[in-house]
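S.K.: Below you'll find the structure I mean.
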Amino acid sequence: MIFDVEKNKSRIKVEELQNEFPKARLGYKIVDITDDAAVATSVQESAKFLGSIDVVLCFAGVVGCTHALEMTASQWRKTLDINTTGSFFVAQAAARQMIAQKTGGSIVFTASISGHRVNYPQPQIAYNVSKAALLSLKNCLAAEWAIHGIRTNSISPGYADTILNEGDGLAGCRSIWTPRNPMGRMGSPSELTGAAVFLSSSASTYINGADIVVDGGQVLF
């Protein structure tokens with residue numbers, strides 16, 4: 001089940017996945033994850049549709065390049081509301097469902113190397129803070145929910161060729177990021193698949209409160 005605010009993109013992605021996995025039960029819901037009531041309802045409906053909620057991957061996020069002195073309250077709140085608070089609402093609703101099912105489960109947050117150190121050279125204070133908060137959130141929930149059989153972990157991607165790093169405004173930054181990476185390149189979204197599958201599977205049943213950095217070694221420099 002995909003939660004998104006854009007219907008067309010979700011529909012297309014579900015159709016693609018359905019063609020690839022014709023026997024799988026797939027769907028999508030238009031959900032604003034900053035609305036806790038809407039999230040709770042959508043998780044309950046998803047559990048009925050799927051039969052249970054066993055794995056949750058929190059990937060929703062926004063980013064912007066604004067200097068701290070120029071940032072407005074609305075810009076700050078939007079980033080934190082979506083990246084951090086929205087992730088918490090989804091995890092909370094999913095955990096309640098997992099506890100009701102008495103099945104346990106796996107919750108995986110998408111943090112970032114931005115939560116481990118300050119981005120350079122672009123000014124992204126709100127984004128950095130939101131991702132650092134996710135790492136702390138992951139630790140707190142891992143400690144609280146393990147008793148219910150729920151494992152909470154995170155993935156910290158490095159700079160990758162995604163929509164978050166597109167645009168002429170970041171062209172100069174991209175030319176700086178690559179030379180500072182030991183592997184000499186940016187990542188591909190598909191290179192997160194292994195970590196996501198691992199943390200979602202029975203191969204990681206004793207991993208809780210961990211963060212897997214997938215960045216080609218970017219944080220080493």
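Read-outs: derived from the displayed coordinates by stated rules, not from any lab. Not measured: the values here are computed from a predicted model. Note that we place each Cβ from the backbone using ideal geometry, even for glycine, and neighbour counts take in every protein chain shown.
S.K.: For segment 190-201, in order, what is each residue's ³J(HN,Hα) by Karplus, 6.51 cos²θ - 1.76 cosθ + 1.60 with θ = phi - 60°, in whole Hz (x at glycine and Pro)?
M.R.: 5, 7, 8, 4, x, 5, 5, 5, 4, 5, 8, 9
S.K.: Please sort 132-139, 84-91, 102-109 by packing, taking for each peptide the average over its residues of neighbouring beta carbons within 10 angstrom, highest first.
M.R.: 84-91, 102-109, 132-139
S.K.: As a check on your grasp of the helix formula, calculate [θ] at 222 nm for the chain: sum -39500 (n - 2.57) over DSSP H runs of n ≥ 4, divide by the residue count, round to the nearest 500.
M.R.: Details: 7 runs with 89 residues, N = 221.
Result for the chain: -12500 deg cm²/dmol, rounded to the nearest 500.
S.K.: Distance cut-off 30 Å, Cα to Cα: go down the list LYS13/LYS48; LYS23/LYS78; LYS78/LYS102; LYS9/LYS102 and report the pairs above it.
M.R.: Among LYS13/LYS48; LYS23/LYS78; LYS78/LYS102; LYS9/LYS102, the Cα-Cα distance tops 30 Å for LYS23/LYS78; LYS78/LYS102; LYS9/LYS102.
S.K.: Could you derive backbone 3J(HN,Hα) for segment 43-51 from the dihedral phi with the Karplus parameters 6.51, -1.76 and 1.60 (θ = phi - 60°), listing whole Hz in sequence and x where the residue is Gly or Pro?
M.R.: After applying 6.51 cos²θ - 1.76 cosθ + 1.60, I find 5, 4, 5, 5, 4, 5, 5, 8, x Hz.
S.K.: Now for a different question. From the list [x] 33, 20, 15; [y] 55, 20, 13; [z] 29, 19, 19, can you say which value of semi-axes √(5λ) of the Cα gyration tensor in Å was derived from the structure given?
M.R.: For semi-axes √(5λ) of the Cα gyration tensor in Å, the calculated option is [z].
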